[in-house]
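Step one of this worksheet: look at the structure below.
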Amino acid sequence: MVGSALLSSLAGSGHTISRLLRPSSVAAAGDDSKNIIWDPAAGTVDHDALSALECDAVVHLAGAGIADGRWSEKRKTVIRESRVNGTRYLATSLARLDRPPRVLVCASAIGFYGDRADEELDEESAPGNNFLADVCRQWEQAAQPARDKGIRVVHLRLGMILSTTGGALKKMLLPFRMGLGGIVAGGKQYWSWIDLTDAVGSIEYLLVTESLSGPVNGVAPDAPTNAEFTKALGRVLKRPTIFPMPSLVAKLMLGEMAQELLLASARVVPKKLTMSGYQFRYPTLEESLRHQLGRQ
């Protein structure tokens, strides 16, 4: 979702883009000499093609879907290894180049902070102690070979990305449009989010803002509780939101994933982005929802 929007935006700005593609994706991508084949699981990449590019910047967004299936131990291993191993291999490959890129922007997530109630969290806050926090910590550490080479590395800790093309909002729309939406587990937990437009905009901003490195929170300044989020979505859709989901029901339906994705609270602020001058296109939740749903 993010990668497709980013490709369109960068191409529209006149940039030349090459993609790292797994062998299984090459046929679908068509004949493009600028694409490079890699297989992070197998530890292979077309190093000659990568070296010949002499690229200025690399954006790394790859990772198995967090909410694509119930979390078994096997699924959790896939989630972790797809991020940690892929990032480590990419960072190592870039560090081997005679002319490495100036910047590597790697996706991370606000799951880094764990479940923190109403504590305000910025980039200097300590990590949490649950599964996603551990994954994010290892994920960010995996880029160390690029840092050691002198590449400016940025870890964009993304919140819930609002878009009707995918992600959490798309999954919410059907029940909410049917009038079946409601608060989750009392609704006091904070849900930090970012509009897809600003997710792409922040990546482009990080590519050219040399003063920024390390972790950067990719969230809007307006962090609502689940109850506030629910009311805003119902208001924009003009639908009632009277069907709550108790925490027990959420846990029965989704298991451990419910605790970390729906019930955990992360009140995250975009301190580095705002202090450096990034201007959010959609800084408030209702603005973003109206934009995404065409309800201006």
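Under 20 Å from a point 7 Å along the Cα-to-Cβ line of residue 208: which residues of the stretch 147-169 have their amide N that close?
So the set is 152-156.
Suppose every K and R has +1 on its Cβ and every D and E has -1 on its Cβ; what is the size of the dipole of the chain about the Cα centre, in Debye to the nearest 20?
On the way: 34 positive and 31 negative charges, 170 e Å.
Taking the Cα centre of the chain as origin, the dipole is about 820 debye.
Provide Rg over Rh for the stretch 189-239; use the alpha carbon set for both Rg and the Kirkwood Rh (inverse mean inverse pair distance).
On the way: Rg = 14.3 Å, Rh = 12.8 Å.
Using only Cα positions, Rg/Rh for the stretch 189-239 is 1.12.
State, as an integer percentage, the relative contact order of the stretch 129-192 based on alpha-carbon contacts under 8 Å between residues 6 or more apart. Can you show the working numbers first?
On the way: 21 pairs, mean separation 10.9, N = 64.
Taking the mean separation of contacting Cα pairs over the length of the stretch 129-192, I get 17 percent.
Could you tell me which of 105, 233, 127 has its Cα farthest along the dipole of the chain towards the positive end, charges placed at Cβ (Lys, Arg +1; Asp, Glu -1), taken about the Cα centre?
Positive-end residue among those listed: 233.
Where the only charges are on Cβ atoms (+1 Lys, Arg; -1 Asp, Glu), what is the dipole of the stretch 1-96 about its Cα centre, to the nearest 20 debye? Please report the intermediate quantities before stating the final value.
Numbers: 11 positive and 10 negative charges, 118 e Å.
Computed about the Cα centre, the dipole is about 560 debye.
By count of other Cβ within 10 Å, fewest leading, how are 71, 38 ordered? Show your work: numbers first, answer last.
Values: 71 20, 38 24.
Starting with the residue having the fewest Cβ neighbours, the order is 71, 38.
Which listed residue (153, 90, 212) has the Cα farthest towards the positive end of the charge dipole for the stretch 80-217, taking +1 on Lys and Arg C-beta and -1 on Asp and Glu C-beta about the Cα centre?
90
Rounded to the nearest 5, what is the percent of antiparallel bridges among the DSSP beta bridges in the chain? Present the calculation step by step, with values, prior to reporting the outcome.
Working: 3 of 27 bridges.
Counting only bridges with both partners in the chain, antiparallel ones make up about 10 percent.
So between residue 25 and residue 120, what do we pick up on full extension, going 0.36 nm a residue minus the alpha carbon distance? Numbers along the way, then the final one.
Numbers: separation 95, 0.36 × 95 = 34.20 nm, distance 4.08 nm.
Gain in length upon complete extension: 30.1 nm.
What is the set of long-range amide H partners of residue 36 at a cut-off below 5 Å, with H atoms built 1.01 Å from backbone N?
Residues meeting the amide H criterion: 19, 20, 21.
For the chain, what are the per-bin percents of Cα-Cα distances with bins 10 Å wide, up to the bin holding the maximum?
The distribution over the chain is 6, 27, 35, 23, 8, 1, given as percents.
Could you work out the pair-distance distribution P(r) of the stretch 179-296 from its alpha-carbon pairs, with 5 angstrom bin width and percents rounded to whole numbers?
P(r) for the stretch 179-296, in whole percents per bin: 2, 11, 18, 19, 17, 15, 9, 5, 2, 0.
Compute the relative contact order of the stretch 87-210 as a whole-number percentage, counting only Cα pairs closer than 8 Å that sit 6 or more residues apart in sequence. Before the final figure, lay out each step's value.
Numbers: 145 pairs, mean separation 36.7, N = 124.
After rounding, I find 30 percent.
Just how many % of Cα pairs in the stretch 1-137 lie over 23 Å apart, if you round to the nearest whole percent? Present the calculation step by step, with values, prior to reporting the outcome.
Working: 4071 of 9316 pairs.
Result for the distance tail: 44 percent.
Only the coordinates and a few stated rules stand behind these numbers; no lab work does. Small disclaimer: the values here were computed from a predicted structure and weren't measured. Using ideal geometry, Cβ is built from the backbone for each residue, glycine included, and neighbour counts are taken over all protein chains shown.
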